[in-house]
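Asker: This is the structure I have questions about; it appears just below.
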Amino acid sequence: MHSSTKSRATWAIIIVVEILALVAIGGYFVWSFLEDVRVYESHMTPGIISSEEFPLPLEQRLAELEASGLDLNGLAAYRVRGEWDMDQKTVCRLPYSADRVDIITDQLEMQPVESASWSAFLQETLPSGWWPADLSQTRAYESLRFTNGEEGDRYCLAHQKGEAVMFLYYDFNF
């Protein structure tokens with residue numbers, strides 16, 4: 001074999017190896033992107049979620065509430081929707097008691113509100129059983145951050161008179 005033929009064969013092998021390396025790297029990036037999209041979409045899907053899927057601030061706040069004496073037995077959660085930044089708006093449904101309302105409103109610095117625009121939005125957005133059906137009979141509370149439109153974790157509480165459940169709504173405003 002001539003040296004020029006050897007040189008061409010060597011260059012051909014190098015080019016083939018480089019092409020295979022580029023294909024492998026490109027394939028990894030495509031796979032990685034598709035995996036990120038899958039994870040993102042799973043956070044965007046509304047529906048009933050397990051406690052492992054709670055937004056971290058909500059999970060931490062519920063742990064604090066439980067430590068302060070709130071009984072979380074019977075709590076269920078529904079992801080309303082996720083946002084571009086993976087923020088998850090979540091509604092927790094739990095059995096009603098006046099003691100629970102007192103603990104939640106005290107710990108989350110909530111005040112009663114007469115008219116809550118978010119309540120009508122949630123009533124239209126959520127499936128039956130995940131928000132009070134009769135808003136005229138619903139007592140609503142907002143955290144100060146929610147009332148003032150401030151950035152951060154915001155909470156709303158709603159209970160329809162005569163119903164055995166109440167609803168705690170969480171979102172993050174930025």
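Asker: With charges set only on the Cβ (+1 for Lys and Arg, -1 for Asp and Glu), what does the dipole of segment 127-174 come to about its Cα centre, in debye to the nearest 20? Don't skip to the end; give the middle numbers.
Answerer: On the way: 4 positive and 7 negative charges, 35 e Å.
For segment 127-174, the charge dipole is close to 160 debye.
Asker: Tell me, what HN-Hα J-couplings in whole Hz come from the Karplus equation 6.51 cos²θ - 1.76 cosθ + 1.60 at θ = phi - 60° for each residue of segment 160-169, using x for Gly and Pro?
Answerer: 8, 3, x, 8, 8, 10, 9, 10, 10, 9
Asker: Could you identify which residue out of VAL16, VAL113, VAL101 has the top mean-square fluctuation in a GNM of the chain using Cα springs shorter than 10 Å?
Answerer: Of VAL16, VAL113, VAL101, the most mobile in the Gaussian network model is VAL16.
Asker: Quickly work out the ASN173-to-ASP134 label distance, labels modelled 7 Å from Cα along the C-beta direction, and quote it in nm with one decimal.
Answerer: 3.0 nm
Asker: Still on this structure, I have one more. When Rg is the radius of gyration of the Cα atoms in the chain and Rh is its Kirkwood radius, what does Rg/Rh come to?
Answerer: Numbers: Rg = 26.0 Å, Rh = 19.1 Å.
Using Cα coordinates only, the ratio equals 1.36.
Asker: Something else about it: Could you grab the relative contact order for the chain? Cα pairs under 8 Å, six or more apart, rounded to a whole percent. Numbers along the way, then the final one.
Answerer: Values: 233 pairs, mean separation 31.3, N = 174.
Rounded, it is 18 percent for the chain.
Asker: For LEU126, what is the net charge nearby, where nearby means another residue's Cβ is under 12 Å from its Cβ and Lys, Arg count +1, Asp, Glu -1?
Answerer: On the way: positive: ARG79, ARG81, LYS89, ARG93; negative: GLU124.
Here the count lands on +3.
Asker: Next up: Put +1 on the Cβ of every Lys and Arg and -1 on every Asp and Glu Cβ in segment 66-174; which of PHE146, ALA158, GLY69 then has its Cα farthest towards the positive end of the dipole?
Answerer: ALA158
Any read-out appearing in this document is the output of simple, stated calculations on the displayed coordinates, not a laboratory observation. What you see is a predicted model; the values in this text were computed from it and never measured. Cβ sites come from the backbone with ideal geometry, for glycine too, and all protein chains shown count toward neighbours.
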